[in-house]
1. If amide hydrogens are placed 1.01 Å from N in the peptide plane, which non-local residues have theirs closer than 5 Å to the one on I71?
2. Can you run the Rg to Rh ratio on the stretch 1-70? Use alpha carbon positions and the Kirkwood inverse-distance Rh.
3. If you fit an axis through the alpha-carbon atoms of helix 113-124 and take the longest principal axis of the Cα set of the chain, what angle between them do you get, 0 to 90°, nearest 10?
4. Please list the equivalent ellipsoid semi-axes of the chain, computed as the square roots of five times the alpha-carbon gyration tensor eigenvalues, in descending order and whole angstrom.
5. Please calculate how many Å² of accessible area the stretch 2-146 carries per residue, with a 1.4 Å probe and no DNA, RNA or ligand atoms counted.
6. Quick one: which residues, 5 or more positions from I134 or on another chain, have an amide H under 5 Å from its amide H? H modelled 1.01 Å from N in the peptide plane, none for Pro or chain starts.
7. Using a 1.4 Å probe over the heavy atoms of the protein chains, calculate the carbon and sulfur portion of the accessible area of the stretch 2-146 as a whole percent.
8. Among P128, F88, M66, pick out the residue whose Cα is farthest towards the positive end of the charge dipole of the stretch 60-148, where Lys and Arg carry +1 and Asp and Glu carry -1 on C-beta, about the Cα centre.
Amino acid sequence: TVFERLRDSRGYIVIDQGTVHKYTTDELEDILDGLGELSRKARGLPHQITSSVKFTKDQVLYLKTMGNNVIGFAKIYRNKKSFKMDEFGGYQEIKITALIDFYIHPTFELQGYGKSLLDHIIDVENLPKNQLGIYKPTKIFIKFLSKC
């Protein structure tokens, strides 16, 4: 399976644009589209953020797996254009790494997988915890972050 080729020893899979093009299979497309739809429903969004066709060179998807099952995922956007308020009330345009989609399957919630996934991203991306931007967080996600 595509999982066996991409998974590391701790059950993580990192998918970037190159991976999507290299391993374009119905299996991978079905996984990405299915995960995006689960996240969309859970967040009550009108459109998916994550899908097999919505991948740019600055986006990376991190999957947490157990066997052939996906426990959850997080999608980040490197070099996302954002703005930072300065001490005088003005704004500076900056580029950040931002978490733009996050989902843990309900059967795996409250077991530490979400925190483990975030910690893995911060480690791989070599980011201080306070430097990961969050794109449109829900109240539930903010509560989750306060516990991390």
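The values are calculated or read from the model by the stated rules, or taken from the named source; none is laboratory data. Bear in mind that the values here come from a model prediction, so they are computed numbers and not experimental data. Positions of Cβ are generated from backbone atoms using ideal geometry, with glycine treated the same way; all protein chains shown enter the neighbour counts. These accessible areas exclude ligands, DNA and RNA; they are computed on the full protein's heavy atoms, side chains included. Shrake-Rupley method; radii C 1.70, N 1.55, O 1.52, S 1.80 Å.
1. Placed amide hydrogens put K64, T65, M66 under 5 Å from I71.
2. Using Cα coordinates only, the ratio equals 0.95.
3. 70
4. The three semi-axes for the chain are 26, 18, 15 Å.
5. 60
6. Excluding prolines and chain starts, which carry no amide H, the hits are L99.
7. 52
8. The residue sitting farthest along the positive end of the dipole is M66.
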